[in-house]
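*Asks:* First, the structure itself, so that you have it in front of you.
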Amino acid sequence: WFGFNAGYTFGVTDGKWKTAALICINTTLSPAVSIIACLAIEKCAKGFWDASAAMNAVVAGLVGITGPCGVVDPWAAAVIGLLSGTIYCAGWRFHERIRVDDPVHAIAVHAWPGAWGCIAPGLFASTKQVKALNYASQAG
């Protein structure tokens with residue numbers, strides 16, 4: 001995941017290393033917070049620590065941060081991870097309720113945190129990072 005996320009800078013020269021480093025920090029923070037959120041939810045809901053859900057929460061955190069990894073600050077990556085883990089836990093419960101046959105929770109891990117990852121940059125993008133990546137342009 002680090003190669004995919006940080007690799008999209010296509011190098012480390014001309015200051016790209018700063019963006020790559022930020023991406024690596026964000027790619028670490030999001031799944032770390034996601035697993036903590038999921039473990040807390042599962043402990044409260046089931047009464048025990050669920051290792052399977054925790055591992056899926058790591059992937060959910062990675063999925064959630066993949067889109068916004070280069071444009072958000074680390075605090076926002078933590079929030080994105082928190083919500084990715086929470087969304088995953090809600091997602092698999094929703095799928096069980098509507099009887100979706102997904103024994104490994106692949107849909108809950110990828111679809112819902114991925115959708116959240118598409119919304120998150122609009123809420124948390126840093127103006128500084130958007131400009132650093134030349135994503136900003138002027139209309140008209």
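The values are calculated or read from the model by the stated rules, or taken from the named source; none is laboratory data. These numbers were taken from a predicted model, which means no experiment stands behind them. Please note: Cβ atoms are built from the backbone with ideal geometry, for glycine as well, and neighbour counts cover all protein chains shown. Ligands, DNA and RNA are stripped out before the accessible areas are found, and what is left, the full protein with its side chains, is counted by its heavy atoms. Shrake-Rupley method; radii C 1.70, N 1.55, O 1.52, S 1.80 Å.
*Asks:* Working only within segment 13-49, note down all residues that are farther than 16 Å from TYR135 by Cβ and not in a helix (DSSP H, G or I).
*Replies:* Across segment 13-49, the qualifying residues are THR13, ASP14, GLY47, PHE48, TRP49.
*Asks:* Can you find, within segment 109-140, the residue that is farthest from VAL33 (Cα to Cα) among those that are modelled with pLDDT under 95 and either among the acidic types (Asp, Glu) or open to solvent by less than 30 Å² (accessible area, probe 1.4 Å) (or both)?
*Replies:* If we take residues in segment 109-140 being modelled with pLDDT under 95 and either among the acidic types (Asp, Glu) or open to solvent by less than 30 Å² (accessible area, probe 1.4 Å) (or both), then GLN129 is farthest from VAL33 (Cα to Cα).
*Asks:* For segment 1-12: of the residues being in contact with a Ser or Thr (Cβ under 7 Å, 6 or more places away or on another chain) and assigned to a loop (DSSP other than H, G, I, E, B), which is surrounded by the fewest Cβ atoms within 10 Å (Cβ to Cβ)?
*Replies:* Restricting to residues being in contact with a Ser or Thr (Cβ under 7 Å, 6 or more places away or on another chain) and assigned to a loop (DSSP other than H, G, I, E, B), the top hit is TRP1.
*Asks:* Can you name every residue in segment 13-46 that is open to solvent by 50 Å² or more (accessible area, probe 1.4 Å) and either on the phi > 0 side of the Ramachandran plot or in contact with a Lys or Arg (Cβ under 9 Å, 6 or more places away or on another chain) (or both)?
*Replies:* ASP14, ALA45
*Asks:* Another question about this same structure. Got at least one residue in segment 55-68 being surrounded by 22 or more Cβ atoms within 10 Å (Cβ to Cβ), of a type outside the set (Ser, Thr, Tyr) and not in a helix (DSSP H, G or I)?
*Replies:* yes
*Asks:* Is there any pair linking a residue in segment 2-26 that is within 25 Å of VAL58 (Cα to Cα) and of a type in the set (Ser, Thr, Tyr) to one that is outside any helix (DSSP H, G or I) and modelled with pLDDT of 85 or more, with Cβ under 8 Å and at least six apart or on different chains, and which?
*Replies:* Hits for this filter: TYR8/GLY70; THR9/GLY70; THR19/GLY70.
*Asks:* Could you please find all residues in segment 59-77 being over 11 Å from PRO31 (Cβ atoms) and in contact (Cβ under 8 Å) with a residue 24 or more places away in the chain?
*Replies:* The answer is GLY67, PRO68, CYS69, GLY70, VAL71, VAL72, ASP73, PRO74, ALA76.
*Asks:* Same structure again: In a helix (DSSP H, G or I) and either crowded, with 20+ Cβ neighbours inside 10 Å or modelled with pLDDT of 95 or more (or both), is that true of VAL79?
*Replies:* Judged against the criteria, VAL79 is a match.
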